[in-house]
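Working notes, beginning with the structure itself.
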Amino acid sequence: MNRRPTLNDRASGLLLHPTSLPNEYPIGDLGPAARNFADFLAQSGQRWWQMLPVGPAGPGNSPYQASSAFAGNPNLISPEMLRIEGFVTRSDATCRRSKNKNRVDYVAAGEFKQRLLRTAYERYRGRRTRKQSREFEEFTHDQNAWLEDFALFSVFSEKYGMAWNRWPNELRSRLPRALAKAQHELHDGLEYYRFVQWQFARQWRALKAFCGERGIGLIGDIPIFVSLDSADVWAHPELFKLRPDGKPQVVAGVPPDFFAKTGQRWGNPHYRWEAHARQNYRWWIDRLRQSLEYVDVVRLDHYIGFVRFYEIPGDALTAEKGRYRKGPGAEFFSAVTRALKSAKLEGGTPPLFIAEDLGTVTPEVKALRDRFQLPGMKVLQFAFGKDPEARNYQPHRYAQNAVVYTGTHDNDTTVGWFNDKGSPSTTRSRGDIQEEKQFTLRYLHSNASAIHWDMIRAALSSVANTSIFPIQDVLGLGSEARMNQPGTPEGNWSWRMREGMLSKKLAKTLRRLTEVYERAPVKRHKTRLKT
């Protein structure tokens, strides 16, 4: 069995969200296809599997707008695993597959999974074993700090069909007597949502163990912000900048940039960082601790926000009019370091976090990142154009303590990016694109016949400890396989692989290249003992 990697190891891996895995259902999940992908990673010499956030997806099916910072996405629960565990029958787990096998059908997936999980819960209630009851009780006890609020939030959301700030006042304000009454009257509904989270946790832990046996580490993703309509904001309104009616005073986003001419208005409420500081960042520490039980490394999305964050008036329609405010900075990371009782954020041991330091990278951002020795991100698609940080994204300028990507979930695929002829959604002119292409070809010494492999080779050959590639780039797919286009509220997060794409030939090709640049697991040769 190979050892799982750390960020201090020279290793590489693939970025693939579980929803994109192929199966007979409307959405990918944590079942057999996830294990097949882990096997492909091992066969191709990869040691990391990076995913997007795995919480309950919010508006537009975005994993970055989850209804809880702690809960798992019920749509990722595998019908096959439920059947193997005896919670559903083969007939229960049968679902008519969507006509378009290349896209996630979120509507069909939600309807099917909800029906399936209700069936599983009823079967559990009627046929549970002593061992299952004990395991369920242990889970609810261990996770009670967030689970009870999430169950209540879910039941109320289902009952009222609207955002929490429009619920009856006694529930919106969390009056103890009203919550106690609901816990008594809605016991079965609450127990169902606890059961669903138990099943998610069981399947996730099983998958993590499966990956670990193959020397595969998991990289998770924590959005810096949470959704307004989430259990977290409802349960802890004092930690967020809200008006008395529960609407946000200011919302998160970024000003106009490379991705969007009018900026990005994400709509998430901003934190009252002074309130978090008074609690010694307890909510954040609980969030990070739980994430690190599920994955080996956490990517901190929008790391820049810990240094300074962009506030947009809550009633503004775009992100053009906003202002920067100071973030919690070193005080936050020092508190996290102490609470996790680990020296891994300082000193020479492996870091637990990747700093997503993309955007306007100020000297203060770099100083905080380097003080805690967190690897930053280098995106090759940004290395050849007019991005202010372009030169720092060029491989010959990398430091070892970095993670290099050909692209991210917010980029077009490498093939799509290279073949782009310009679009109204970007700030690049056709002349800019042409100059970028020519410099890319010169830098990579490429004839453009296999630009995705040329980019992968450049990332693998760099001195950066970690190289990550979206699976779309390994497959050489075009813009049709793009995962997300920032600034567009619909049509994202739905790309899926097809069965058979992960061939033995592809694994062999990727492994050979990975071995050339010494990122594959070291082969252990058997030695014969002399007697």
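The values are calculated or read from the model by the stated rules, or taken from the named source; none is laboratory data. Quick caveat: nothing in here was measured; it's all calculated off a predicted structure. Using ideal geometry, Cβ is built from the backbone for each residue, glycine included, and neighbour counts are taken over all protein chains shown. Heads up: the accessible areas ignore ligands, DNA and RNA and are worked out on the full protein's heavy atoms, side chains in. Shrake-Rupley method; radii C 1.70, N 1.55, O 1.52, S 1.80 Å.
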Practice task
Can you tell me the relative contact order of the chain? Whole percent, Cα pairs under 8 Å, sequence separation 6 or more.
Solution key: 20 percent
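Anything in the chain that counts as a DSSP H helix reaching 20 Å or more along its axis (C-alpha) with Kyte-Doolittle mean of at least -0.5? List them, would you? Mind showing how you got there, number by number?
On the way: long enough: 106-127 (30 Å, -1.01); 144-160 (24 Å, 0.12); 187-213 (39 Å, -0.69); 430-444 (21 Å, -1.19).
The qualifying helices are 144-160.
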Completion exercise
Between the modelled labels at Lys159 and Glu191 (7 Å from Cα along Cα→Cβ) the distance in nm is 1.7 nm
Handout entry: Alpha-carbon Rg/Rh ratio, for the chain, with Rh computed the Kirkwood way
Key = 0.96
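Hey, any idea what % of the chain's accessible area is carbon plus sulfur with a 1.4 Å probe?
Numbers: 11820 of 24040 Å².
So the carbon and sulfur contribution to the accessible surface is 49 percent.
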Fill in the blank from the handout: Highest mean packing first, using Cβ neighbours within 10 angstrom, the peptides 31-41, 388-398 sort as 31-41, 388-398
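Would you mind counting up the charge near Val379? Only other residues with Cβ under 11 Å from its Cβ, with Lys and Arg at +1 and Asp and Glu at -1. Don't jump to the answer; show the numbers that get you there.
Working: positive: Lys378; negative: Glu356, Asp357, Asp387, Glu389, Asp410.
Here the count lands on -4.
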Practice task
Grab the DSSP H runs of the chain that are 4 residues or longer, score each as -39,500 (n - 2.57), total them, divide by all residues and round the 222 nm result to the nearest 500 deg cm²/dmol.
Solution key: -11500 deg cm²/dmol
Handout entry: Nitroxide proxy distance, nm - points 7 Å out along Cα→Cβ at Ala108 and Glu320
Key = 4.1 nm
Handout entry: Simple spin-label estimate for Thr362 and Tyr517 in nanometres, 7 Å along Cα-Cβ
Key = 3.3 nm
Problem - From the C-alpha gyration tensor of region 295-382, square roots of 5λ in Å - result: 26, 16, 12
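Could you work out the local net charge near Gly58, counting Lys and Arg as +1, Asp and Glu as -1, over the other residues with Cβ closer than 13 Å to its Cβ? Kindly include the intermediate steps, with their values, before the conclusion.
Working: positive: none; negative: Asp229, Asp232.
Counting the neighbours of Gly58, the net charge comes to -2.
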Completion exercise
Computed ³J(HN,Hα) along region 404-419: with the Karplus parameters 6.51/-1.76/1.60, θ = phi - 60°, integer Hz and x for glycine or proline, the list is 9, 10, 5, x, 10, 5, 8, 8, 5, 5, 4, 5, x, 4, 5, 8
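With the other protein chains left in place, how much accessible area per residue, in square angstrom, belongs to region 253-318 at a 1.4 angstrom probe? Before the final figure, lay out each step's value.
Details: 2520 Å² over 66 residues.
Dividing the accessible area of region 253-318 by its residue count gives 38 Å².
First select every other residue whose beta carbon is under 9 angstrom from the beta carbon of Trp495; then total the charges, Lys and Arg +1, Asp and Glu -1.
Every neighbour counted, the sum reads +2.
Considering only DSSP states other than H, G, I, E and B, which GluC sites (Glu not before Pro) in region 190-239 qualify as loop sites with at most 14 other Cβ atoms within 10 Å? Please list the in-between numbers first.
Details: sites: Glu191, Glu213, Glu238; in loops: none.
Those that pass, being in a loop and sparsely packed, number zero.
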